[in-house]
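The values are calculated or read from the model by the stated rules, or taken from the named source; none is laboratory data. Quick caveat, the model's predicted, so the values are computed rather than measured. Here the Cβ positions follow ideal geometry from the backbone for every residue, glycine too, while neighbour counts run over all protein chains shown.
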Amino acid sequence: MSKIVVIGSANMDTTHYLASEFPDDLTQESLNEIIKTARVLGGKGANQARAAKLQSKDNKVYFIGCVGMDESGTKMLEEFKRVGVNFKGVKVLSGKNTDGRIIDVDKNGENRMKGYGDCIKELTPEKIDMTILENADIVAIQMKMPQETVRFVIEYCKRHNKPLVIDPTPPEKANILMEENAKLLGEAAYLTPNEEEAFALIKYAEGMDITQIKKEFKETPKEVRLQMIQDFVQKHPNVIATVGGDGVIYHNGKGAIRKRTFPTECKDSTGAGDTFNGAFIASLARGEKLDRAVEYGLMASSIKVRYEGAQNGVPTYDETTKALEVYDRRNRLHEDD
């Protein structure tokens, strides 16, 4: 039985579902496009810990983070308890409200979001329960916590030979991974950027700042971006890049390849990357090979996007396994035909 430790953010999301695509400006007319609003639990760290537990057959999953002493923080801890995530490492901060995000989801299920709150900023190295970290078999982090904490965890995992999975989000804080010829990137067992984050890492290596990077990302054709990412993965084989509906770009031991996602209907892409990460990490913790871990991540995220909300619809290990078996069986039947 492996012990998975996820360190990161825990939020309460306010999600607006739109009847059309994203508006260019916030106007009364664009506000009228909101067809419903939902408040659901989220946060990349919390999402990944929950997904990892649901995707685990026997693994123990621990979450380290900070929440406020409020209703949202209480709901988060209740949900961890319900699904079996150990939250001993969560600090409940007096006088603080749990962090949140405002998310817009368009008719195609794509999302845009902005975060607020100070709890994640309070996650300093001193607040990490070292007993939990010492007993970890695999560790996962994101970049929202203070930079000193990111460096502390990376260096600790390197010293103690603990596999570390880094989700380099948000991209504006991921520049440290490319410093000193990508030293910190190279110290992770795996790095799991999305398309925008992978593009940012490439451009950080070229000396661009985040303002330039965001502009160039929009101006670069998608297929060009994907080829750039594939070249980046070829150079850095520990990078597993999730690229939305185009699936995953990763190094299979022979070279960088693209593996398409499984057919699905996308109602809400919020949390899809976190679900991929949770399933991917759980598979690695079970001792499965990289190709299988990527498959589990892709299938779990393809199921999750059929549901609204960051944490709703995340499948269990058994559900994901069954879906993979059904998909494989259908493919074999098709090949026989």
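Tabulated results
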{"item": "Qualifying residues in the range 91-119 (those that are hydrophobic (A, V, I, L, M, F, W, C) and farther than 17 Å from residue 14 by Cβ) - the one surrounded by the most Cβ atoms within 10 Å (Cβ to Cβ)", "result": "93"}
{"item": "Selection status of residue 127, farther than 26 Å from residue 195 by Cβ, touching a residue at least 12 places away in the same chain (Cβ under 8 Å) and in contact with a Lys or Arg (Cβ under 6 Å, 6 or more places away or on another chain)", "result": "yes"}
{"item": "Meets criteria (at positive phi and of a type in the set (A, V, I, L, M)) for residue 182", "result": "yes"}
{"item": "Scope the range 200-259; condition touching a Lys or Arg at 6+ places or on another chain (Cβ under 6 Å) and among the small types (Gly, Ala, Ser); matching residues", "result": "247"}
{"item": "Positions within the range 136-157 being of a type in the set (A, V, I, L, M) and under 26 Å from residue 286 (Cα atoms), in sequence order", "result": "136, 138, 139, 140, 141, 143, 150, 153, 154"}
{"item": "Residue within the range 271-289 that is in contact (Cβ under 8 Å) with a residue 12 or more places away in the chain, of a type in the set (Ser, Thr, Tyr) and assigned to a loop (DSSP other than H, G, I, E, B) present", "result": "no"}
{"item": "Residue in the range 146-172 that is surrounded by the most Cβ atoms within 10 Å (Cβ to Cβ), counting only those that are assigned to a loop (DSSP other than H, G, I, E, B) and modelled with pLDDT under 95", "result": "169"}
{"item": "Qualifying position, being of a type in the set (D, E, K, R), touching a residue at least 12 places away in the same chain (Cβ under 8 Å) and farther than 23 Å from residue 275 by Cα, among 57, 121", "result": "121"}
{"item": "Residue within the range 101-119 that is at pLDDT 85 or above, under 21 Å from the mean Cα position of the chain (by Cα) and farther than 30 Å from residue 19 by Cα present", "result": "yes"}
{"item": "Scope the range 1-30; condition in a loop (DSSP other than H, G, I, E, B), at pLDDT 70 or above and among the aliphatic types (A, V, I, L, M); matching residues", "result": "1, 10, 19"}
{"item": "Test: residue in the range 224-232 that is basic (Lys, Arg), within 21 Å of the chain's Cα centre (by Cα) and either surrounded by 17 or more Cβ atoms within 10 Å (Cβ to Cβ) or not in a loop (DSSP other than H, G, I, E, B) (or both)", "result": "yes"}
